[in-house]
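What follows is one structure encoded as C-alpha cells, with my remarks underneath.
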Amino acid sequence: MPPQRWLRRSGPLRIEFGADYNPEQWPPAVWADDVRAMREAGVTIVSLAVFSWARLEPRSGEYHFGWLDDVIGLLAADGILLDLATATASPPPWLSTAHPEILPVDRLGHTFSPGGRQHWRPTSPVFRQHALRLVRAMATRYAGHPALAAWHVSNELGCHNVYDYSDDAARAFRRWLRGRYRTLDALNAAWGTAFWSQRYADWDEILPPRLAPTHPNPTQQLDFKRFSSDALKEHLRAERDILREITPGVPVTTNFMVAGDIDIIDYADWVPEVDFLANDHYVRPGPQAQDELSFSANLTGNLAGGRPWFLMEHSTSAVNWQPVNVAKKPGELARDSLTHVAHGADAVCFFQWRQSRAGAEKYHSAMVPHAGTDSVLFRSVAALGARLREMAYVAGVARTPAQAAIVFDWPSWWAAEQDSHPSDRLRYKQEALDWYTAFLDAGVRVDVVPVGAELQRYDVVVAPVLHVVPASLAVRLRTYVADGGHLVTTYFSGIVDEHDHVWLGGYPGALRDLLGIRVQEFAPLLDGERVELDNGTHGTRWTEPVDLVDPAVEVLASYRTGELAGRPAITRRAVGTGSASYVSTPLGAAGIVPVLGEVLKRAGVRSELPGQLRGRVELAVRGDVRFLINRTDEPLEISGIPGAPAVLPARGVTIVGPGR
Ligand code: GLA
C-alpha cells in the first residue's frame, strides 16, 4: 500500500524547502537570526528536536518544553512548518546510567557505551517504555499546534544500532522465529540444522548469530537480518500508534536511507507503515556518484508508488564521515536537489540548518556554514530556495513511469553477500547500479523498483543478481515473460529459495527453465583476472560455464579468453513475443551498454532524448514536466527539445514543459 497522505498544511501545493534545525546547540539570541536567515533562504519547513531528548527531559519524567515552545513560536510566527521529531533517536545520559541494559551489544559481545548516539537496543522493553513516554508527552504538548505539519519518528532507524546481539535481542529473535516457523521442526528444516550438528531441541537454545568459531548458519544470519529489520519496524509502529492516537490529523513519517551503502532495512516492507515516504541521501564520491544519487531517488520514488516523497536530508556540501570529505563543486548543490525533485520529491531538506561549532559533526556542511550567511554557500542555498519556489507547478505531479525497470531486492542483497560463498567479491548494489548507469548512458529512462512491483507494465525488466527466488517469484517471472515481457537477469540469480536453500538440478536454479540454460559449477575469478568476451566487452570477479539446454537459445556473446573460451557468456531465449536473457559475468557499466542496447532494440524501447544528449543528460519526467539533468561537468548545447534553452549549463538542470 503506497503512502496516503502529505503534509498537514493549507494553501496550494509547493516544493517544501528546509533542514534539520538543532537550536539547542545555540544560545537563544541566535534563534531570531536563524529565523530571519531562513526567510532569506526561502525555508518553508524544518525538522525539529531530532536530538533534543536530554534537553526536553533532563531528568526522568521531568519535562522542559519551554525552550522548544519559544523556538516553535518564532518559527510559526514566520510561517515555517514543523516536521516535529519525537526526539527519541538518542537517549540521554541519565537513562543509560540508570538502565545500562538498554545499551546494544555487538556480535563479539561488546556492549556499546553512551557518548555517541543511537545507543539503544531496538528490542529493549526499558528503552521502549521511556521512549514512548516521551512520544506521548511530545504529542500531547504540541497536538493542536497549527504549524505541526508532520511527525518525524526517531531518526534514521537502525543507522547505528540495527544489529544488536544482546539477551533482549535473543529473546525477541526467538519470539519472532516462533511467529515465522510455529514449530521447531519447521525451523530446523528451514535452517538446515542437520548440518554441523546444529539441530535445536528447545527454542531457548537459539541465539542471534553471535561470534562463532567459523561461519554461523546462513539461514540463521538471513533470518536475523529479517528480524532486525522487523524489530525496528515494531519500534516505528509503537511510536506511530501513539502519535496517531493523540494527533490523528497529523501524518507520520520517518527518514529512510534507501540504497546508499546501507542494506540493513527492507524498505519495501516498511512503506505501508508511514503516511508519506521520507528519505535521506548522501553522495559517495566516485565516477558513479551522480548516478548513485539518481538511483536512490528513483527507487525512493517508486517505493512511494508515484506519490510525492520528502527528501529529509542531504548535504549542501561536504559530509564529515567519509575518509576524505569532498566539498560539492559549483552547480552540484542544485543539481543534486533537483535530481531528487525530478524523481518525485516534493520537499528538499538538508542536514542541517546551521553548521555546528562543537560536536562530531562540526565539519559537516549546512545551509549556514561557519563562514555565516555572507558566503558563497549560503547564496547558493538561497538561490536554490528561490528556484524551488518557482517550481510549485511540479508539486503533487506523479513521476511518470518508464518502459523499463531494474528490480531491487533487499533479501537478495542480504543473501548474495553472505559469507562462505564462491566469492566474497560480489557486490549486489554495484551490479544494479552498473545497469542503471548503462541505462543513463543509453539515454533511456528506467524505473528502479522493489521486487514486488507490478512488472507487467514494463517492456523490459532487468533483475541483476536476483539471488533469492522463492517459487512464487519464479512463477511471476515466467508469467511476465510468457505475457511478452523481456527479462534480463545475471550471474548468481535464481540460486536459493527464501530459506537460502539451493534449488537443485543446476544453476540458475529457479530460473533455469525460463532461461533455457544450465550451469554446473560457478567459476569466480581472482582479483586482477579478467576474461574477454567476443563482443568486445570483458568480465571480472565471476564467470559461469553456461550450457544451452533449450536448443533455441541464442548466444549473444561468448567467452573469448580464459578457461571458458568458446562457451556462451550471454544468452537469450525467445518465449513467444517475450524473452529471457542471461548475463553470466559482471561486465561493468561500459560493458553492459552494448548488451542493454541489443535488449532494448529488440524490445522496441527507444531513447526519448535527441542523439547528441544521450548519455550526457538524464531525462526524468513528472507528467508534462521534463527534467534534463546534465550529468557532465561541461555546458551542453541542446537542440531538438522544444521549449529548452540553447545551452544546458555544466551540472545544470533544465526544466521544460507546459508548467513552465
Ligand atoms: C544522518 C543523520 C543526521 C546527520 C547526517 C550527517 O543522515 O540522520 O543526523 O548525522 O547523517 O551526514
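Bear in mind that the values in this text are calculations on the coordinates, not laboratory data. Source: prediction; values computed, not measured. Here the Cβ is made from the backbone with ideal geometry for all residues, glycine too, and neighbour counts use every protein chain on show.
Taking the square roots of 5 times each eigenvalue of the Cα gyration tensor of the stretch 100-218, largest first, gives ellipsoid semi-axes of 36, 18, 12 Å.
Each distinct pair of alpha carbons in the stretch 533-627 adds a 1/r term; the inverse of their mean, the Kirkwood radius, is 15.2 Å. Our summary of shape: the Cα atoms of the stretch 489-535 have principal axis extents of 33, 23, 17 Å, ordered from largest down, in whole angstrom.
Available extension along the chain between Arg427 and Ser113 is 109.9 nm, counting 0.36 nm per residue and deducting the alpha carbon span.
Loop-located trypsin sites (Lys or Arg not before Pro) in the stretch 346-396 (DSSP state not H, G, I, E or B) with no more than 13 neighbouring Cβ atoms inside 10 Å: Arg357, Lys362. Model label points for Ala590 and Thr140, set 7 angstrom from Cα along the Cα-to-Cβ axis, are 6.4 nm apart. Toward the positive end of the charge dipole of the stretch 205-247, with +1 on the Cβ of Lys and Arg and -1 on the Cβ of Asp and Glu, the farthest Cα among Phe227, His215, Ala238 is that of His215.
Going down the list Lys233/Lys429; Lys329/Lys601; Lys328/Lys601, which pairs span over 28 Å between their C-alpha atoms?
On the way: Lys233/Lys429 23 Å; Lys329/Lys601 37 Å; Lys328/Lys601 37 Å.
Check vs 28 Å cut-off fails for Lys329/Lys601; Lys328/Lys601.
With the simple model of a label 7 Å out from the Cα in the direction of the Cβ, Arg39 to Val324 spans 4.3 nm. A crude spin-label estimate for the pair Thr561 and Ala360, with each label 7 Å from Cα along the Cβ direction, gives 4.6 nm. A Cβ-based charge dipole, computed about the Cα centre of the chain with Lys and Arg at +1 and Asp and Glu at -1, lands at about 1100 debye. Shape descriptor for the chain: Rg over Rh equals 0.97 (Cα atoms; Rh from the Kirkwood inverse mean 1/r).
Ranked by the mean number of other Cβ atoms within 10 Å of their residues, highest first, the peptides 602-610, 393-401, 17-25 fall in the order 17-25, 393-401, 602-610.
Taking 10 °C and 1.306 mPa s as the conditions, I'd like the Stokes-Einstein D for the stretch 277-411 in µm²/s, using the Kirkwood hydrodynamic radius from alpha carbon pairs. Present the calculation step by step, with values, prior to reporting the outcome.
Numbers: Rh = 15.7 Å.
My calculation gives 101 µm²/s for D.
Taken over the stretch 43-128, the alpha-carbon convex hull comes to 106 cubic angstrom per residue. Distances between every pair of Cα atoms in the stretch 103-147, grouped in 5 Å steps from 0 to the bin holding the largest one, split as 5, 19, 17, 19, 14, 10, 8, 4, 3, 1 percent.
Under a 5 Å amide H cut-off, with hydrogens placed 1.01 Å from N, Met257 pairs with Asp280 among residues at least 5 apart or on other chains.
What length, rounded to one decimal in nm, is gained on full extension from Gln129 through to Arg379, with 0.36 nm per residue of separation minus their alpha-carbon distance? Show your work: numbers first, answer last.
On the way: separation 250, 0.36 × 250 = 90.00 nm, distance 4.45 nm.
Extra length from Gln129 to Arg379 when fully extended: 85.6 nm.
Basic side chains Lys and Arg get +1 at the Cβ, acidic Asp and Glu get -1 at the Cβ, and with that the dipole of the stretch 305-401 about its Cα centre reaches some 60 debye.
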